[in-house]
Amino acid sequence: MNRKIIGEYLKTVVAAIAAIVLIWVSLSYFLLFADKSVDTDLPQYLVRSFSQYVKIKGDQVEISEEGIDRLKPYDLWMQILGPDGSAVYETNVPEEIPAQYDWYQLINYTLESNRLEGYTVFATDVEKHPGYGIIIGCSSNVAGKKSYSYAGEGKDAITKSILILIISATGIIMIAAYVFSKKVSGPVAAVIREIDEISKEKFVKSHFEENIYKDVFMQLESLDNKLKMGKKMREEWISNVSHDIKTPLSAVRGYAEILNTQDYEFERSEIGIYAGEILKAEQAIEDLVEELKVSQTLIEGKFPLKVECVNLVDLIEECISEIEPKQKSGVKIDFNYVDEESILCDRMLIKRSLLNIMHNAVIHNDKYIVLSIRVWKEEKVHILIKDDGKGMSEHELANIFERYYRGTNSEHTKGTGLGLAIAKEAISAHNGIIKVQSRIGKGTEFEIVL
């Protein structure tokens, strides 16, 4: 997520810089060069359009007042030449300028500016009057003037340009900061809002798939699903635990009421039978309370491990001996090992974990199954507990180690849903690993590495 935020920040910065440069260049050009124009009073431009001010009737040549005024800004002189190359009209012409030209000179003056007696001259034809020509001359410093004028010059231009840059940068940075803050703070506000919704159990999925907090919203959705599932499992667990407590309590109450009957005198053997059933019911309640206690202390990391060297083969055989009297007829247990392996562990916790896994395999499967147990060592000790029973779905596999979870194979069996959760926490407390694989109709396989 940090990379996404940095990426958004860099994109915003690059966009802001590009916008600043673009606006600065555009405004600078507009303010500094918007009034750029050709100075048409310069001789090289005036000569091209001067024909409009010339009137020729017979041998009479006239220049309009506007034409005369156009010559004044740069103190230009002008000659109108007749068909023979002689001047038929002159204004402001210096004394040293000739009144007669040959055609070779006129052609040169027409094609490009040329020097004449210390002056620069430009020539062209008089439009609509073949044979007549125009010569406009000026001092050399006038001909060398810039052809364009600008809105800004010198220090004023620099000042305007800097001012434009500052204003553009300030505006763009403020806009970029606002856009970036919206991208970052908007989703954060939504995260806070949805966390509040989760706390009230009112979470509704938001559509933020494409923003920088996509992973956060996915985690929130996952958390919400887990909380909902956890709530459902807790409710089911409370119902199951209540049932598991009520069943032995009902037995205790029933046998107690029988023993309390005043109209019948019980024999000692009968009293012993009833007392035995009451003790069994009491033991069931005690086991349930102990399971809850162990689960909670393991989750909190407060369970005191009593580590000792334990012969793993002996421990598994002990578990099998406790499972066999309770197993359904038709269940076959097959135990194989290469060498008798010993590990440092809390004997009670590891035994409880193995018993929980074996017990689940026996009670949650069909009548006829094979329960295979193998032990071997590859750097660490491996324990494989495998059955060829019903198997589990992917959904069940994903939740099998969750507290209070009871799969579809557990619907008609008693239990708190804590057995495998305790097994996982106990093995994790020993820095071990427990893995599970299962296929519907093929069975389930637990592998423990210690």
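Miscellaneous remarks
- Pairs spanning more than 22 Å between alpha-carbon atoms, out of 280/367; 280/332; 306/332; 332/386; 386/442; 380/442: 280/367; 280/332; 306/332; 380/442.
- Inter-site label distance for residue 348 and residue 139 at 7 Å from Cα along Cβ, in nm: 11.8
- Panel note: the C-alpha atoms of region 307-449, placed on their principal axes, show extents of 39, 30, 25 Å (largest first).
- Taken about its Cα centre, region 43-149 carries a charge dipole of roughly 440 debye when the Cβ of each Lys and Arg holds +1 and the Cβ of each Asp and Glu holds -1.
- Peptides 13-19, 419-425 ranked from most to least packed give 419-425, 13-19, packing being the mean of other C-beta atoms within 10 angstrom over each peptide's residues.
- Checking every one of the GluC sites (Glu not before Pro) in region 301-373 against DSSP loop status and a limit of 16 other Cβ atoms within 10 Å picks out 340.
- Annotation for residue 382 and residue 242: the two label points, set 7 Å from Cα along the Cα-Cβ direction, are 4.6 nm apart.
- For peptides 266-279, 45-58, sequence by mean Cβ density within 10 Å, most packed first: 45-58, 266-279
- Sum of side-chain charges, residue 442 neighbourhood, beta-carbon under 15 Å (Lys, Arg +1; Asp, Glu -1): -3
- The distance between label points at residue 302 and residue 259 comes to 3.5 nm (points 7 Å beyond Cα on the Cα→Cβ vector).
- With a Förster radius of 41 Å applied to the C-beta separation of residue 340 and residue 249, the computed FRET efficiency comes to 0.40.
Every read-out reported here was derived from the displayed coordinates using simple, explicitly stated rules and does not represent laboratory data. Bear in mind that the values here come from a model prediction, so they are computed numbers and not experimental data. Note: ideal-geometry Cβ built from the backbone for every residue, glycine included; neighbour counts use all protein chains shown.
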